[in-house]
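Q: Take this structure first; my questions come after.
The values are calculated or read from the model by the stated rules, or taken from the named source; none is laboratory data. As the structure is a computational prediction, the values presented were derived from the model and not from experiment. For neighbour counting, all protein chains shown are included, and Cβ atoms are generated from backbone atoms with ideal geometry for every residue, glycine included.
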Amino acid sequence: MALAAVLVFAACQEPKPQEEELTFSVTPASLSFKAEDSSVKLVTVSTNGSWTATPAGEWIHLDKTSGSGNASISVTASANTEEVVRSANILVIGNKEGSKEQQFSVSVTQEESGNHTLVPSPAAFDGNKRSSTTYQLLVYSFADSDGDGVGDFNGITSKLDYLDALGVTALWLSPAHPTSSYHGYDVNDYNALNPAFGTEADFKSLIDKAHEKGIKIYMDFVLNHSGSNHPWFKSVKADPAGSPYRDYYVLSKNYSAEASSGKIDNYGGGTSIGMGNWHSLGDGEIGYKGRLHFKVQTSGGKPSKVTVTQTDGPVTGSVSNPALWIYAGNPAQEYPMEKTADNTYEVTADIDTPWGFLVRTVSGNSWPDGTKFGAKGGNNVVTFGEPLSLTTSDAQDIVFGATTYYLASFAESMPDLNYGKYTECEKSPAFKATVEAATKWVNMGVDGFRLDAVVWVYQAQARANVRFLSEWYKAVNAAYKAAGHADDIFMVGEAWYNGHGEETKYYQGLPSCFEFDYWGKLKNAVNGTASGYASAVMSFIADHAAQRGSTAPAAITSFHMTNHDQDRAAGELGKDLAKEKQAAAMLLTSPGKPFIYQGEELGYWGTKSGGDEYVRTPILWDKAGKECAKKGVNNKVDNSMLKAGISVEAQLEDENSLLTFYQSWSRLRNTYPALAEGEMTQSSISGSTIASWYMSTGAQKLLVIHNGAGAEKTVTVSDSMAKPVALLGSATTSGNELTLGAHSSVVFEL
């Protein structure tokens, strides 16, 4: 047997090298961009494999999105124009054959846009009206309830919801007493109400229903004068010497002499006539019918004295080129005088004149200055045969019989009341009578008074007026407290005379006066000259407080734009809605007691040039024009203004109207105690068109900023702007910069 040999070859394979594991890291973990950042950020990839990078946001841009091995990825971001921070991720994935995939997320954030559009978020109104805002309304033209065209008490009552929505806490009513005029400032009975406005029951209902809505009632009270149809004055006119009301008025038979000797009590101890004029009561035979001889002496070429005598001599007067005439009669006649001596002129004429006579140096119907010669007031009664001195300064008619004159500061139909010597005015019968009348209305529920023309009670003598007002306030306040009130009655005076310096003195007698210089400051501010507004307002308030001192109640500065005696605010602002809104915003964010005048919230315009009625326009309640008390102003209205669009109905439907703006910012003032009751302090924010200040009370502090320019303005604000609570117009922030649009305003809570 053969033995086979088998050879076995073993293949010797080299060992397969082991796979290298994937290494992978990405840095940094996050990136952050500014809103408009144009810089490049780097993401570093360290790997022994391949990678891909995918941004989750379209606003993230990568210079490369894949590769192998180590790499740097350049990352940029589009500008963020949104008002929110945005964020996204870059997902980086690493791969290597034979290894498990690895992922890494890089978070990317970008700040919100640097220009934040402010969106105000005010606190909710708690229903507590704390603003002290007063609405001035004209009873005769506010609202008519019975269709006779004249406003009335029930009309006001029917509109209390409107007034409540306007945020007001008080109503100042125009004079509500019986009167001979439409406006009511010639009072014929202080103890009664104008029957055209309703009954005492209607008035009481208005008071009670207003109180239910947290609205007080202030009556307009006329202390300077009554109407000439008041029973007091009619009694005096019928019997000047024997009337029991003789001392209620300022009477004199020779007022020039009595004034110069200090006997006219209403001159407050002085001899100046102030604004008053004297009018005859008609109790003397001031005219004459018969033949008279007139002789006029001249001095320096001007008439100096006249002597009148009764005569039956022949009539003269056929004179060529006369230099002087006697002027008398009704209709008036001219009687030319003949020159008879160096300085003397004479004429004999048949005279029939109910009013007296004058001497004139120029013939014709006009009276050029210095051509009319009469006598001084109160010394103008001629005695036959005796010379009477002539004057061209305030020349009064020369009359033939003595008459009694009465003082009237405003009009012949408004005789001044007489309160006697100011040092003891409270003893006078007129003082006691007016206090008694005011007490009646206080007992009915009236909460205060606006006092008319207080400067002229004692003919612009501040010391005398202040004492009178102090005593009158004291007496009426005592009646108010006796009626059960724990607080003091509100009383504001119309001390409109010679500007802030003079008016301020009246705070020694009253707790409040209207600051008539305020409107000029406010008007300047919304016309672009705003930087001095806050300091002026603070100065007004400080001056009033200093005059009032520790006297209770404390000084209250009453601010208003315009009133029934002034051209309308909207017209003064060029009927510019943006300016009208900003004027309201500044009034309602300032300290003090703001007053809104009827129609101001609707944008009424008008001037006094055609008559006072045109600034006392009735409210147009509906678009159809049916509810409008035009007869209350004698139908003197501007129908080009009183169209549907300006009506209450139309403006309530328009969220951008002036009326809805007033409602909104009045609510703001009622919501924030710092606005309603706070103290104003200066802000450091500057700019000629910028008015800015703080309003603070307790722990609450607000920053108020107004741009009065007709263009956008940017200011630097060091305070937080995180909590805007009110905005007029437009405003954006970028860092600590605030950009306000034209005539824009903002309020921040700090």
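Q: On the basis of being at pLDDT 90 or above, outside any loop (DSSP other than H, G, I, E, B) and in contact with an Asp or Glu (Cβ under 7 Å, 6 or more places away or on another chain), does residue 420 make the cut?
A: no
Q: Same structure again: How many of the residues making up the stretch 498-523 are in contact (Cβ under 8 Å) with a residue 60 or more places away in the chain and either over 17 Å from residue 453 (Cβ atoms) or in a helix (DSSP H, G or I) (or both)?
A: 2
Q: Look at residue 148 and say whether it is in a loop (DSSP other than H, G, I, E, B), in the same structural domain as residue 441 (by TED's automatic domain parsing), surrounded by fewer than 17 Cβ atoms within 10 Å (Cβ to Cβ) and in contact (Cβ under 8 Å) with a residue 12 or more places away in the chain.
A: So residue 148 passes the test.
Q: Restricting to the stretch 623-650, what's the tally of residues that are assigned to a loop (DSSP other than H, G, I, E, B) and small (Gly, Ala, Ser)?
A: 5
Q: From 491, 538, which residue is within 18 Å of the chain's Cα centre (by Cα), in a helix (DSSP H, G or I) and either modelled with pLDDT of 95 or more or of a type outside the set (Ser, Thr, Tyr) (or both)?
A: Of 491, 538, the one residue that is within 18 Å of the chain's Cα centre (by Cα), in a helix (DSSP H, G or I) and either modelled with pLDDT of 95 or more or of a type outside the set (Ser, Thr, Tyr) (or both) is 538.
Q: Given the conditions (1) of a type in the set (A, V, I, L, M); (2) in contact with an Asp or Glu (Cβ under 9 Å, 6 or more places away or on another chain); (3) under 30 Å from residue 147 (Cβ atoms), report the number of the one that residue 641 does not fulfil.
A: All conditions are met except number (2).
Q: Check whether at least one residue in the stretch 202-220 is modelled with pLDDT of 95 or more and within 24 Å of residue 402 (Cα to Cα), and report yes or no.
A: No, every residue in the stretch 202-220 fails to be modelled with pLDDT of 95 or more and within 24 Å of residue 402 (Cα to Cα).
Q: Continuing with this model, one more query. Restricting to the stretch 372-425, what's the tally of residues that are of a type in the set (Asp, Glu) and either exposed (fewer than 15 other Cβ atoms within 10 Å of the Cβ) or in contact with a Lys or Arg (Cβ under 7 Å, 6 or more places away or on another chain) (or both)?
A: Of the residues in that region, 4 qualify.
Q: While we're here: Restricting to the stretch 599-612, give me the number of residues that are surrounded by fewer than 24 Cβ atoms within 10 Å (Cβ to Cβ) and either out of contact with any Asp or Glu (no Cβ under 7 Å at 6 or more places or on another chain) or outside any loop (DSSP other than H, G, I, E, B) (or both).
A: Looking only at that region, the number is 7.
Q: Separate question: Does the stretch 697-712 include one or more residues that are crowded, with 19+ Cβ neighbours inside 10 Å, touching a helix residue (DSSP H, G or I) at 6+ places or on another chain (Cβ under 7 Å) and farther than 15 Å from residue 581 by Cβ?
A: Checked against the condition, which is being crowded, with 19+ Cβ neighbours inside 10 Å, touching a helix residue (DSSP H, G or I) at 6+ places or on another chain (Cβ under 7 Å) and farther than 15 Å from residue 581 by Cβ, the stretch 697-712 yields at least one hit.
Q: Next question, about the same structure. Mind listing whichever residues of the stretch 65-98 are at pLDDT 90 or above, surrounded by fewer than 17 Cβ atoms within 10 Å (Cβ to Cβ) and not in a strand (DSSP E or B)?
A: 65, 69, 70, 78
Q: Being outside the structural domain of residue 305 (by TED's automatic domain parsing) and under 16 Å from residue 254 (Cβ atoms) is true for just one of 407, 388. Which residue is that?
A: Result: 407 is the single residue among 407, 388 that is outside the structural domain of residue 305 (by TED's automatic domain parsing) and under 16 Å from residue 254 (Cβ atoms).
Q: On the basis of being closer than 20 Å to residue 248 by Cα and touching a residue at least 40 places away in the same chain (Cβ under 8 Å), does residue 468 make the cut?
A: In short, yes.
Conditions tested, residue by residue: (1) buried (at least 19 other Cβ atoms within 10 Å of the Cβ); (2) more than 30 Å from residue 504 (Cα to Cα).
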site: 563; (1), (2): yes, no
site: 578; (1), (2): no, yes
site: 586; (1), (2): yes, no
site: 620; (1), (2): yes, yes
site: 633; (1), (2): yes, yes
site: 648; (1), (2): yes, yes
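Q: Would the stretch 116-123 turn up any residue that is outside any strand (DSSP E or B) and under 30 Å from residue 211 (Cβ atoms)?
A: Yes, there is a match, as at least one residue in the stretch 116-123 is outside any strand (DSSP E or B) and under 30 Å from residue 211 (Cβ atoms).
Q: Looking only at the stretch 570-598, count how many residues are among the polar types (S, T, N, Q) and in a helix (DSSP H, G or I).
A: Residues that pass the stated criteria total 1.
Q: Something else now. Checking residue 117 against (1) of a type outside the set (A, V, I, L, M, F, W, C); (2) closer than 28 Å to residue 620 by Cα; (3) over 28 Å from the mean Cα position of the chain (by Cα), which single condition isn't satisfied?
A: The single condition residue 117 does not satisfy is (2).
Q: Moving on to the next point. Determine which single condition residue 662 fails, assuming it passes every other condition in (1) hydroxyl-bearing (Ser, Thr, Tyr); (2) in a loop (DSSP other than H, G, I, E, B); (3) crowded, with 22+ Cβ neighbours inside 10 Å.
A: Here residue 662 clears every test but (2).
Q: Further, regarding this structure: Conditions first: (1) without any contact (Cβ under 8 Å) to a residue 40 or more places away in the chain; (2) at negative phi. Residue 262 passes all but one, so which condition is the exception?
A: (2)
Q: Could you tell me whether residue 678 is surrounded by fewer than 23 Cβ atoms within 10 Å (Cβ to Cβ), under 27 Å from residue 165 (Cβ atoms) and in contact with a helix residue (DSSP H, G or I) (Cβ under 9 Å, 6 or more places away or on another chain)?
A: Criteria not met by residue 678.
Q: Being crowded, with 22+ Cβ neighbours inside 10 Å and at pLDDT below 95 narrows it down to one of 113, 131, so name that one.
A: Exactly one residue qualifies, and that residue is 131.
Q: Restricting to the stretch 33-55, what's the tally of residues that are surrounded by 14 or more Cβ atoms within 10 Å (Cβ to Cβ) and under 60 Å from the mean Cα position of the chain (by Cα)?
A: Qualifying residue count for the region: 5.
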